Amino acid sequence: MTDAISRGLLGGVRLWAISDLHVGHAENREVVEGLPSHPGDWLVLGGDLGETLGHVRWVLETLAPRFARLVWVPGNHELWTTDDGLRGVEKYEALVALCREHGALTPEDPYESLDDGAAARLVVPMFTLYDYSFAPAGMLPDDARAWALEHGLLCADERLLDPAPYPSIEAWCAARCALTEGRVRAALAALPASHSGETVLIGHFPLVEQVAQLPAIPRFTIWCGTQRTRDWHLRFRAAAVVSGHLHIRRSRLVDGVPFDEVSLGYPRQWRRFASGRAPLVQILPRPAR
């Protein structure tokens, strides 16, 4: 049975995901070039495709012809100020415009539903950032950065991610979370009664602290998310939550909700797991893990 016939009999669309492509590395570009086509399905690009507009454009041009729909969210690397000279919100808006040119759904677009044959789910791409609150309770951002530095950790974002015009990354994070929360609530309220009312929440950064586990560098978690999103998977009836950023691909349940980390990562990382593991992760319909 061909892929197209199988999908037609099931009556649904599959949702695939991958993040952290980091195509500044030649070996990662080779992986992207080798990704399979699923012309009737959707693909989530979960951030950190690269550091420049050129990197993101190359990924979009390479993958858009292979899928019915691309869904993009920004990672921290895309937002870095590099040789394109753009910074902060200006850089983000340029990335959104580029994605729209290639038909990719972004966090600024109306949410769309995907029917996987079992139910229609609202696909929610999100841009939330982090605010250093994945740290011991009561720590302010300066305290959290000092706490991480005790273990020799300093994220490159502190040098390369300019939040302009916001005064700080945590202020940008607060604004993005408030905007996203309002948009999701309004979109859910507007769904027809026939809709499942469930969502697929997609962001680069983990929604909950218990997912942001980095055994080798545990204090790096301060650059991994925000407590502002800790209950979104429950409040917004998530059928699945997709993230990247950690470069540790894994799936786990939190409050009964599947959370999938879908990173490719740097060549030295994915080479260790390349044998027998497909680059793309199927999110819907939910396969056996």
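Some notes on this structure:
- Computed over the range 1-144, the ratio Rg/Rh where both radii use C-alpha atoms and Rh is Kirkwood: 1.04
- Relative counts (whole %) of C-alpha pair distances in the range 124-181, using bins that are 10 Å wide: 22, 48, 27, 3
- Compactness relative to 2.2 N^0.38 Å, alpha carbon Rg of the range 75-172: 1.36
- Unit charges on C-beta of K, R, D, E only; dipole of the range 155-289, Debye: 500
- Under the convention that each Lys and Arg Cβ holds +1 and each Asp and Glu Cβ holds -1, the size of the dipole of the chain around its Cα centre is about 880 debye.
- Rounded to 10°, Cα long-axis angle of helix 53-63 versus longest principal axis of the chain: 20
- Local electrostatic count at Arg230 - Lys and Arg +1, Asp and Glu -1, tallied over other residues with Cβ under 15 Å: -3
- Shape analysis of the range 169-289 places it in the oblate category; the axes a ≥ b ≥ c from the Cα gyration tensor give an a/c of at least 1.5, with a/b not above b/c.
- Shown here: the range 202-272, whose C-alpha atoms stretch 38, 23, 16 Å along the first, second and third principal axes, sorted largest to smallest.
- In the complete set of protein chains, residue-level accessible area for Asp115 is approximately 70 Å², probe 1.4 angstrom.
- Ranked order, Arg176, Arg286, Arg100 - accessible area, probe 1.4 Å, largest first: Arg100, Arg286, Arg176
- For the chain, the share of alpha carbon pairs falling in successive 10 Å distance bins from zero is 6, 29, 38, 21, 5, 0 percent.
The values are calculated or read from the model by the stated rules, or taken from the named source; none is laboratory data. Predicted model only: the values in this text are computed from it and were never measured. For neighbour counting, all protein chains shown are included, and Cβ atoms are generated from backbone atoms with ideal geometry for every residue, glycine included. Note: accessible area is taken over every heavy atom of the protein model, side chains too, but ligands, DNA and RNA are not part of it. Shrake-Rupley method; radii C 1.70, N 1.55, O 1.52, S 1.80 Å.
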